[in-house]
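Visitor: Before I ask anything, here is the structure I am working with.
The values are calculated or read from the model by the stated rules, or taken from the named source; none is laboratory data. Everything numeric here is computed off the predicted structure, so don't read it as measured data. Cβ atoms come from the backbone with ideal geometry, glycine included; neighbour counts cover every protein chain shown.
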Amino acid sequence: MHSLEHIIATYLRNDKKWKDEVIYWGPMGCLTGFYLILKGNRKPQEIYQLILDSFLEVEKYNEVPGATEVNCGNYLLHNLGMAKWYAKEFSDYLKNNKDNPLIFEYPKTKRLVTDDGNNFYDS
């Protein structure tokens with residue numbers, strides 16, 4: 001996750017078409033995915049190619065940008081090989097499902113309720 005964060009953030013913030021639209025790219029707290037915040041209001045289909053290109057870009061890297069003690073508080077948590085593996089898995093999934101409308105829908109699951117009756121709002 002950490003290496004994907006660095007590589008894709010670098011890509012997004014330098015992409016000629018999108019760099020001025022990117023507000024934030026980073027991991028979800030539970031490390032189950034990423035947040036991408038862009039200026040404006042776009043439908044998922046409008047950013048499909050941007051997401052696909054971002055994950056395809058990972059394969060081109062030979063080192064993780066900013067993965068040094070000086071630049072990164074968690075510089076020991078990088079793994080370029082795994083980042084490339086997960087990026088390929090996800091980009092293949094996107095390519096194989098580009099015509100499936102469900103990939104453009106946020107998953108809707110029933111909220112977890114704790115034993116004492118509290119709703120868990122991260123699911």
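Visitor: Looking at this structure, is GLU63 modelled with pLDDT of 95 or more, of a type in the set (Asp, Glu) and in a helix (DSSP H, G or I)? Talk me through it step by step, then tell me what you get.
Guide: Details: modelled with pLDDT of 95 or more: yes; of a type in the set (Asp, Glu): yes; in a helix (DSSP H, G or I): no.
The answer is no for GLU63.
Every residue, every condition in (1) within 21 Å of TYR106 (Cα to Cα); (2) surrounded by fewer than 18 Cβ atoms within 10 Å (Cβ to Cβ); (3) of a type in the set (Lys, Arg), yes or no:
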| position | (1), (2), (3) |
| --- | --- |
| SER3 | no, no, no |
| ILE7 | no, no, no |
| TRP25 | yes, no, no |
| LEU31 | yes, yes, no |
| GLU69 | no, yes, no |
| TYR75 | no, yes, no |
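Visitor: Here's another thing I want to ask about it. Determine which member of the set ILE51, ILE103 is in a helix (DSSP H, G or I), β-branched (Val, Ile, Thr), in contact with a helix residue (DSSP H, G or I) (Cβ under 8 Å, 6 or more places away or on another chain) and at pLDDT 95 or above. It would help to see each step written out before you state the result.
Guide: Working: ILE103 fails: at pLDDT 95 or above.
Result: ILE51 is the single residue among ILE51, ILE103 that is in a helix (DSSP H, G or I), β-branched (Val, Ile, Thr), in contact with a helix residue (DSSP H, G or I) (Cβ under 8 Å, 6 or more places away or on another chain) and at pLDDT 95 or above.
Visitor: With respect to the numbered conditions (1) more than 29 Å from TYR121 (Cβ to Cβ); (2) touching a residue at least 12 places away in the same chain (Cβ under 8 Å); (3) of a type in the set (Lys, Arg), which one is the sole condition not fulfilled by ARG111?
Guide: (1)
Visitor: Just for the stretch 77-92: of the residues that are without any contact (Cβ under 8 Å) to a residue 60 or more places away in the chain and surrounded by 15 or more Cβ atoms within 10 Å (Cβ to Cβ), which one is nearest to PHE34 (Cα to Cα)?
Guide: First, the residues of the stretch 77-92 that are without any contact (Cβ under 8 Å) to a residue 60 or more places away in the chain: 81, 84-85, 88-92.
Checking which are surrounded by 15 or more Cβ atoms within 10 Å (Cβ to Cβ) leaves us with 84, 90-91.
On the way: LYS84: 16, PHE90: 12, SER91: 14 Å.
Per the stated criteria, the residue is PHE90.
Visitor: Looking at ALA67, ALA87, can you tell me which residue is more than 22 Å from ILE51 (Cβ to Cβ) and under 20 Å from the mean Cα position of the chain (by Cα)?
Guide: Values: ALA87 fails: more than 22 Å from ILE51 (Cβ to Cβ).
Result of the check over ALA67, ALA87: ALA67.
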